[in-house]
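The structure under discussion appears below in the form of structure tokens.
Here, each number is a calculation from the coordinates, and none is a lab measurement. This structure is a prediction, so every number in the text was calculated from the model and none was measured.
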Amino acid sequence: MSVLMISDMPGTTRADYDHLVAVLGQTLAASPGFVTHGAGPVDGGFRVVEVWDSAEEHAAWFDAHVRPALPAGAPEPTITVVPVVNTIRADR
């Protein structure tokens, strides 16, 4: 079942986020199970919202790529997993 992954990243700035995307963006797009990514600022940090084919594929990606790229001493993102029952994509 597809899942919505909501990652809250306290203390993360736009510059921090831009750096992570520059380092990880292409790898993310090519990762098994990845569907889509969106992000934006929230009070006190940044929020990343992604759709994945499964929570396991997201966890494997996170452990292999994101965790090692986090700055030393940075707090771990708080990740919420929500089942996805439907996805509608724009026909462009």
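Brief remarks on what is shown
- Karplus-based coupling profile of the stretch 35-51, in residue order and whole Hz: 10, 7, 9, x, 7, x, x, 9, 3, x, x, 9, 10, 10, 10, 9, 10, with θ = phi - 60° in 6.51 cos²θ - 1.76 cosθ + 1.60 and x standing for Gly or Pro.
- Computed 3J(HN,Hα) for the stretch 72-83, one whole-Hz value per residue from the Karplus formula 6.51 cos²θ - 1.76 cosθ + 1.60 where θ = phi - 60°, is 4, x, 5, x, 5, x, 8, 10, 10, 10, 10, x, glycine and proline marked x.
- Taking the chain and dividing mean pair separation by its residue count, relative contact order in percent (alpha carbons under 8 Å, at least six apart): 46 percent
- The alpha carbons of the chain give a radius of gyration and a Dmax of 13.1, 42 Å, in that order.
- Karplus-derived HN-Hα couplings along the stretch 53-60 (A = 6.51, B = -1.76, C = 1.60, θ = phi - 60°), whole Hz, x at Gly and Pro: 5, 7, 5, 5, 5, 5, 4, 5
- Computed from Cα positions, the angle between helix 14-29 and the longest principal axis of the chain comes to roughly 40 degrees.
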